[in-house]
1. Select from the range 93-104 the residues that are part of a helix (DSSP H, G or I) and either hydroxyl-bearing (S, T, Y) or modelled with pLDDT under 85 (or both) and list them in ascending order.
2. Of all the helices (runs of 4 or more DSSP H) wholly in the range 1-41, which have at least 1 residues that are of a type in the set (D, E) and in contact (Cβ under 8 Å) with a residue 24 or more places away in the chain?
3. Looking only at the range 105-123, count how many residues are part of a loop (DSSP other than H, G, I, E, B), under 17 Å from L10 (Cα atoms) and either at pLDDT 90 or above or not β-branched (V, I, T) (or both).
4. All but one of (1) crowded, with 17+ Cβ neighbours inside 10 Å; (2) modelled with pLDDT of 90 or more; (3) not acidic (D, E) hold for A90, so report the exception by its number.
5. Enumerate the pairs (first residue in the range 128-153 and more than 16 Å from R70 (Cβ to Cβ) and in a helix (DSSP H, G or I); second residue anywhere and at pLDDT below 90 and small (G, A, S)) with beta-carbon separation below 8 Å, excluding pairs fewer than 6 apart on the same chain, so at least 6 apart or on different chains.
6. Would a scan of the range 72-83 turn up a residue that is out of contact with any helix residue (DSSP H, G or I) (no Cβ under 8 Å at 6 or more places or on another chain) and either of a type in the set (S, T, Y) or assigned to a helix (DSSP H, G or I) (or both)?
7. Out of all the residues in the range 173-183, which are assigned to a helix (DSSP H, G or I) and either surrounded by 13 or more Cβ atoms within 10 Å (Cβ to Cβ) or modelled with pLDDT of 85 or more (or both)?
8. Among the residues of the range 184-195, is any farther than 26 Å from R61 by Cβ, outside any helix (DSSP H, G or I) and at pLDDT below 90?
Amino acid sequence: MNDMLKIISLLLSYPTHELKQSVPELQEVLENSNLSNRQKDSLGKLVSDIAVTDIYDAQERYVFLFDRTRSLSLHLFEHVHGESRDRGQAMVDLMAMYENDGFEIDAKELPDYLPLFLEYLSQKPQVEAIELLGQIAHITVALKERLKKRESIYVHVFGVLAELTKKKPEPGLLSELLAQPEDDPDDLDALDQIWEEEVVTFGGNAGEGSCGPDKLRTQLRASKRKPSRASANPLEG
């Protein structure tokens, strides 16, 4: 399972020339994995697509889907905290969990970036990886359903990820995520507003206790996103 999480992490990352060059290796690992034939075929579809798609077309598609479409964001806390002040503290806690396990990340990536989280899980014992993967099931299944409506090639990856999770998302949490409106990536004015609001401050003190599985579960179960703009009074809320 660990190898598959690593592969899924790579496939959900921004497409690069290096990723295209690693296609034969990815195909070999998939072929020799203990996944079902259906799962191998699902992941193989995206691997093959990356192999034959012009790199610039693949990058444009990725940006259009995951960077310009907020409802498809690969940043986990975006779906439960939005740009509320809670998101910054959740980032600090998740970073603390990584550091406690000796997992170092590149400063350019936010800790809740799904490919990064999956890479972290690929280094954990399988039982722990499955448990943590289950805590984000409502988010990954919501992404799968939205990508399915768009007939995106990336839906296959989330289908396999849902099966590896071995846990169905809580219906209430999933329904609330799917009820959130889907934004239009062609609405550039709305996109500009999102970027203006998207400043995330890593407040708090990471040293005041680590972010264990229980705390992560609480942060990822936020059932309702906070208002898009925090109160003008920092003492409120």
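1. Matches in the range 93-104: Y98 only.
2. 2-11
3. Qualifying residue count, the range 105-123: 8.
4. That leaves (2) as the condition not met.
5. Partner pairs satisfying both residue conditions: A137/A162; T140/A162; V141/A162; K144/A162.
6. Residues of the range 72-83 out of contact with any helix residue (DSSP H, G or I) (no Cβ under 8 Å at 6 or more places or on another chain): 82.
Checking which are either of a type in the set (S, T, Y) or assigned to a helix (DSSP H, G or I) (or both) leaves us with none.
No, every residue in the range 72-83 fails to be out of contact with any helix residue (DSSP H, G or I) (no Cβ under 8 Å at 6 or more places or on another chain) and either of a type in the set (S, T, Y) or assigned to a helix (DSSP H, G or I) (or both).
7. Passing the criteria: L173, L174, S175, E176, L177, L178.
8. Looking only at the range 184-195, we keep the residues that are farther than 26 Å from R61 by Cβ, and these are none.
No; the residues of the range 184-195 include none that is farther than 26 Å from R61 by Cβ, outside any helix (DSSP H, G or I) and at pLDDT below 90.
The values are calculated or read from the model by the stated rules, or taken from the named source; none is laboratory data. Since we're looking at a predicted model, the values are computed, not measured. Cβ sites come from the backbone with ideal geometry, for glycine too, and all protein chains shown count toward neighbours.
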